[in-house]
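Step one of this worksheet: look at the structure below.
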Amino acid sequence: MAKRTPVYFVSHGGPNTMYETDHPVYPKLQSIGKEITTQVKPSAIVVFSAHWQADRPNTIEVNVSEDEPLLYDYYGFPRHYYLEKFPNKGSAKIAQRVIDVLSDNGIRTEKVERGLDHGVFVPFKVMFNPEENPVKVPIVQVSLFDDETAAEAHIKLGRAVEKLREENILVICSGMSVHNLRHLMMLGRGSSKTMPYSITFDEALKVATETKPGEQRDENMIGLLERPDARQAHPTFEHLLPIHIAVGAAGGDQGKQTWTLQEGSMAWAQYRFGEVEA
């Protein structure tokens, strides 16, 4: 079998992830980035973020811009958060390739021009530090569907882009394994209390994701949205759906949780699908 890239799901946190070098997720993201630049060595990256849902129903938006400023899509942070830079270039050619494979699978697309949102540039700034571990390949961001309950549709979306992996294009999906921002505000930053659902849902996600590839894995992933703790772990599902895309893009490759941390009303699981050649 020809070599193909793995698929990654990264839990990205908030914009403070870029600055909190003492948080346990920071070196984990650095390690994933180093693995990508030194072992995977992709020719391009296609990335899906929890922070971009399409405006139109049953449509996927694809960023065709090659040079747009970052989107500082967060509120209430210090001024320097809005001056952050992450050097990146898009690719109209790669964007068109994404559009082609989606169209081949019956998925309607729309071309847009936008910058990378914080679900991309925040983890990428840690993974691909411009000074220490730059990634010098095009980055094309693709939206989620507008329906945050459409787990099956997002698995099919991932399956449509699986073919790109055979072309040395890396698929990265960015969200959170548990994400309850309202409870985070209630608990207060720095609280040592971990919510029960952060543990139970994060563990259930691991079981579903590490199920043997096939119909049962897809069913288990879809079933996560029906769990009694699902709406506590994810009051809205946009931070969960990227891992459904990753499962779809994985195809017949096994998923593996490489690390997690259950913290307050959040969980930070990181996943890889497929193997990395030494």
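The values are calculated or read from the model by the stated rules, or taken from the named source; none is laboratory data. Everything numeric here is computed off the predicted structure, so don't read it as measured data. As a convention, Cβ positions derive from the backbone with ideal geometry for all residues, glycine included, and neighbour counts pool all protein chains shown.
Does the stretch 1-12 hold any residues that are at pLDDT 95 or above and either surrounded by fewer than 17 Cβ atoms within 10 Å (Cβ to Cβ) or in contact with a His (Cβ under 9 Å, 6 or more places away or on another chain) (or both), and which are they? Ser11, His12, listed by residue number.
For every residue, the table says whether it meets (1) touching a strand residue (DSSP E or B) at 6+ places or on another chain (Cβ under 8 Å); (2) hydrophobic (A, V, I, L, M, F, W, C).
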| residue | (1), (2) |
| --- | --- |
| Gly115 | no, no |
| Val126 | no, yes |
| Asn129 | no, no |
| Ile139 | yes, yes |
| Ile155 | no, yes |
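Filtering Gly223, Gly214 for residues that are small (Gly, Ala, Ser), out of contact with any Gly (no Cβ under 9 Å at 6 or more places or on another chain) and surrounded by fewer than 24 Cβ atoms within 10 Å (Cβ to Cβ) leaves a single hit, Gly223. In the set (1) under 30 Å from Glu219 (Cβ atoms); (2) of a type outside the set (A, V, I, L, M, F, W, C); (3) part of a loop (DSSP other than H, G, I, E, B), the condition left unmet by Asn88 is number (1). Residues that are in a helix (DSSP H, G or I), surrounded by fewer than 20 Cβ atoms within 10 Å (Cβ to Cβ) and aromatic (Phe, Trp, Tyr) do occur in the stretch 26-37, at least one of them.
On the stretch given as the stretch 97-110, residues that are out of contact with any strand residue (DSSP E or B) (no Cβ under 6 Å at 6 or more places or on another chain) and either within 21 Å of Asp146 (Cα to Cα) or hydroxyl-bearing (Ser, Thr, Tyr) (or both) total 6. Scanning the stretch 166-185 for residues that are buried (at least 17 other Cβ atoms within 10 Å of the Cβ), farther than 14 Å from Glu263 by Cα and not small (Gly, Ala, Ser) turns up Ile169, Leu170, Val171, Ile172, Cys173. Kindly indicate whether any position in the stretch 130-149 is crowded, with 17+ Cβ neighbours inside 10 Å, within 13 Å of the chain's Cα centre (by Cα) and not in a strand (DSSP E or B). Scanning the stretch 130-149, I find no residue that is crowded, with 17+ Cβ neighbours inside 10 Å, within 13 Å of the chain's Cα centre (by Cα) and not in a strand (DSSP E or B), so the answer is no. Across the stretch 102-129, which residue is surrounded by the most Cβ atoms within 10 Å (Cβ to Cβ) among those that are outside any loop (DSSP other than H, G, I, E, B) and acidic (Asp, Glu)? Across the stretch 102-129, the extreme among qualifying residues is Glu110. For residues in the stretch 241-252 being under 16 Å from Asn220 (Cβ atoms) and touching a strand residue (DSSP E or B) at 6+ places or on another chain (Cβ under 6 Å), which is surrounded by the most Cβ atoms within 10 Å (Cβ to Cβ)? The selected residue is Ile243. Kindly indicate whether any position in the stretch 231-240 is aliphatic (A, V, I, L, M), over 28 Å from Pro42 (Cβ atoms) and at pLDDT 95 or above. Scanning the stretch 231-240 turns up at least one residue that is aliphatic (A, V, I, L, M), over 28 Å from Pro42 (Cβ atoms) and at pLDDT 95 or above.
Return yes or no: is Asp67 over 25 Å from Ser11 (Cα atoms), surrounded by fewer than 18 Cβ atoms within 10 Å (Cβ to Cβ) and at pLDDT below 95? Yes, satisfied.
Screening the candidates Tyr26, Tyr75 for the property of being among the aromatic types (Phe, Trp, Tyr) and at pLDDT 95 or above yields one hit, Tyr26. The residues listed here are Ala160, Ala208; of these, the one that is surrounded by 18 or more Cβ atoms within 10 Å (Cβ to Cβ), at pLDDT 95 or above and more than 21 Å from Ala269 (Cβ to Cβ) is Ala160.
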